[in-house]
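The values are calculated or read from the model by the stated rules, or taken from the named source; none is laboratory data. From a predicted model like this one, the values you see are computed outputs, not experimental measurements. For accessibility, only protein heavy atoms count, side chains too; no ligands or nucleic acids. Shrake-Rupley method; radii C 1.70, N 1.55, O 1.52, S 1.80 Å.
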Amino acid sequence: MAPSPAKLAADLTPRAIVEELDRYIVGQKAAKRAVAVALRSRWRRQQVPLPMRDEITPKNIMLIGPTGVGKTEIARRLAKLAGAPFVKVEASKFTEVGYVGRDVDSMVRDLAETAVSMLREEERERVRPLAREHAEERLLDVLLPPAPRARTSTSSAPGFGAPMGPSGGAIQLPGIGAEPPPATPADNATRESLRKLLREGKLDDKQVEVDTSDSPASVIDVFSGTGMEEMVLNLRDMMPQAGRKTKRRKLSVPEAMDALTDEEAAKLIDTDRLQKDAIRRAEQAGIIFIDEIDKVVGREGGGHGPDVSREGVQRDLLPIVEGSTVSTKYGPLKTDHVLFVAAGAFHVSKPKDMIPELQGRFPIRVELESLTDDDFVRILTEPENALTKQYTALLATENITLDIRPDAVAEIARVATLVNARMENIGARRLHTIMELVLDDLAFEAPSLGTVTVPITAAYVRERLDGILKDEDLSQYVL
């Protein structure tokens, strides 16, 4: 098994967590400190003796700030860093069905699915070497079928058994009831020669027919996300389980090896233990990120019309955040120690407009700062996944070298700030739109340009954006 999140967190001090988040997210020090302390507190809780450990609940976090400033990215990177099951949901979708909202339990079921997928992948990597050995033997059996076994007679009924001798003993006839002949040295040599060719990749262009398991979609998978999961869970226990079927497929040797390796790995995994471990990991280390929570918070003095629906959604969320047990297809999952991170812009409503019970379940509140020109410049250049690095890598596949100059980066940042101030402030997401417009012609013509270096300067940026910026109506739609 891969190390548990608690062991992974042992080396993640709050300072180390913030440094790791700095590699991908610019600024927002207060938010990074809050989530770093929350993650470290989970490890601390695991070190506390049991009677007290169960009494320590997570300190859920509320991130407040405009869109595009890094709220979702902070939570996502935190979960990836901790190796924790992570689910992101939009609170607004729970209003679509009406006053009672959509089945909020679905977020917990999604968390269970994520945890099972994570552990299954970890287990596959652990057993892959052994699974590949088994797959290799199966593939060699296809390439060089073993000698047919001699027929054996097992019936003792009169007229069907082996002929009897004068003394009452059975007479051994050639080919009947005999053990299969051992493989000859020639057979073994041929098999080892094939094994060598297989490992060297000299059989990769060969097609083979292999039998692989074909598992049909489960009934519960069909109804996943419809809000009927709990009903289907009960139905599944009443229905007989269909047997696993096999399907013959014609594949190339590498494809057959991969398919057989996956199948053998699945056989080596203890599914029951994996599911129990996954539920435990989801309970102790799971993170649920509830975005747009401000959309289900009515304005102060509300209480009629759509605000009734919004308050109903908050009341549905409350037991999940407080701690309850939700039925999943892998077993009951308790949410008492799941970390909830909520986020919202809160332009119209305020956190104090939430129902008091739900407010109390998010004791840590962090306000994220709006992004400035300097922040945009850093976002475009510093993170490991910076936009300039992404576009440079994409166009390098067409043998085009992008030389993005510092003055061009500064101009793009200036335009992003200007457009955000003039129209809706969507934060760093505006950079995607501007970068696409700046590099649109280049991306379209790239295949026909050949090997070339293209300098991107401030003049280049202005040339492609000035016309749009001057036309107010056009910029409303394009930017």
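Listed here are the pairs K80/K245; K80/K334; K59/K334; K247/K276; K59/K88; which of them are more than 25 Å apart at the Cα? Spell out each step's value before the answer.
Working: K80/K245 36 Å; K80/K334 22 Å; K59/K334 16 Å; K247/K276 30 Å; K59/K88 18 Å.
Beyond 25 Å: K80/K245; K247/K276.
Could you look at the range 424-477 and say what percent of its accessible area is carbon and sulfur, using a 1.4 Å probe and all protein chains?
So the carbon and sulfur contribution to the accessible surface is 52 percent.
Would you mind classifying the range 402-479 by shape? Square roots of the alpha carbon gyration tensor eigenvalues, ordered a ≥ b ≥ c; an a/c under 1.5 is rounded, otherwise it is prolate if a/b is larger than b/c and oblate if not. Let's see the in-between values first.
Working: a/c = 2.18, a/b = 1.73, b/c = 1.26.
Note, shape of the range 402-479 comes out prolate.
Please work out the average accessible area per residue across the range 373-479, using the 1.4 Å probe convention, and give it in Å².
Details: 5770 Å² over 107 residues.
Accessible area per residue, the range 373-479: 54 Å².
Quantify, in whole percent, the carbon and sulfur part of the accessible surface of the range 266-389 (1.4 Å probe; protein heavy atoms only).
Working: 2670 of 5700 Å².
Exposed carbon and sulfur together represent 47 percent of the surface.
So, for the range 41-130, what is the accessible surface per residue at a probe of 1.4 Å, expressed in square angstrom? Working shown, then result.
Numbers: 4120 Å² over 90 residues.
I get 46 Å² per residue for this part.
Can you list the lysines whose alpha carbon is less than 18 Å from that of K196, not counting same-chain residues fewer than 8 positions off?
Within the straight-line cut-off, K196 pairs with K206.
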